[in-house]
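Reading through the structure tokens given below for one structure.
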Amino acid sequence: MKENKEKEKILTYANQRILKDGFYKLTMDEIASDLRISKKTIYKYYRSKDELINAVVNEHKKYAKTTISAIFDNEANSVEKLFKMVQFFSQFALRIGENLLNDMRIHKPELWKEIDEFRTNIIMANISRLIEQGKQEGVIVNQPAEILVAIYISAVRGVVNPEFIMNNKFSIQQAFESVFEILMSGIFTPKGNELYRKSEEVKK
């Protein structure tokens with residue numbers, strides 16, 4: 001029990017620091033000092049800083065998969081599901097600092113590649129069936145789901161990535177929400193747009 005609490009404490013702290021300040025300048029000595037534990041204790045659970053970073057990423061991946069699955073598996077209409085998905089990603093994006101994006105761009109591009117592949121897979125696993133649901137409800141235009149999904153993935157990959165965001169001085173939240181708004185305005189029917197506006201009004 002004590003070991004589980006120690007491990008969770010280290011992971012929670014690392015998660016908060018990495019999201020806010022990035023990982024490149026963060027040291028195991030600093031983590032140990034801030035948590036008032038020995039570096040030996042950290043190494044008991046995480047053999048290196050890279051292993052700790054990977055653990056943080058895996059925790060977010062598990063949480064995202066569980067949350068998105070819950071959104072898509074409920075009985076809500078397709079517009080509400082899409083709106084909740086945007087809310088989830090936007091709220092998470094608010095927590096990502098510029099330093100983390102810059103660290104991934106410069107020091108660990110392979111980490112962003114892993115995140116991008118995960119993001120693409122989770123989109124492909126859920127969006128296609130949601131589009132088909134939306135067509136049946138009359139809120140999404142009657143175009144091939146494969147094309148709509150490919151357009152969505154290409155837009156997200158092209159805009160919501162460290163290189164584009166850092167070069168154009170957007171926040172990751174601004175980038176994601178802008179992509180979604182542009183895409184949805186193109187695939188929603190008038191009925192779909194009306195439902196989406198109502199969802200936004202409820203949020204406010």
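The values are calculated or read from the model by the stated rules, or taken from the named source; none is laboratory data. This is a predicted model, so every value here is computed, not measured. Ideal geometry is used to build each Cβ from the backbone, glycine not excepted, and the neighbour counts take in all protein chains shown.
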Taking the stretch 35-86 and keeping only residues that are closer than 26 Å to Lys191 by Cβ and among the basic types (Lys, Arg), one is left with Lys81, Lys84
Flagged pairs (Cβ under 7 angstrom, 6 or more apart or on separate chains; first in the stretch 50-74, over 17 Å from Met124 (Cβ atoms); second among the polar types (S, T, N, Q)) are Val56/Asn15; Glu59/Asn15
Mind checking which residues of the stretch 18-45 are assigned to a loop (DSSP other than H, G, I, E, B), on the phi < 0 side of the Ramachandran plot and either of a type in the set (Asp, Glu) or over 24 Å from the mean Cα position of the chain (by Cα) (or both)?
-> Thr27, Ile37, Ser38
Among the residues of the stretch 83-93, is any out of contact with any helix residue (DSSP H, G or I) (no Cβ under 8 Å at 6 or more places or on another chain) and at pLDDT 90 or above?
-> no
Test: Asn167 is more than 18 Å from Phe89 (Cβ to Cβ), without any contact (Cβ under 8 Å) to a residue 12 or more places away in the chain and not in a helix (DSSP H, G or I) | no
Please go through the stretch 96-145 and pick out each residue that is among the charged types (D, E, K, R), assigned to a helix (DSSP H, G or I) and within 29 Å of Val57 (Cβ to Cβ).
-> Glu98, Asp103, Arg105, Glu110, Lys113, Glu114, Asp116, Glu117, Arg119, Arg129
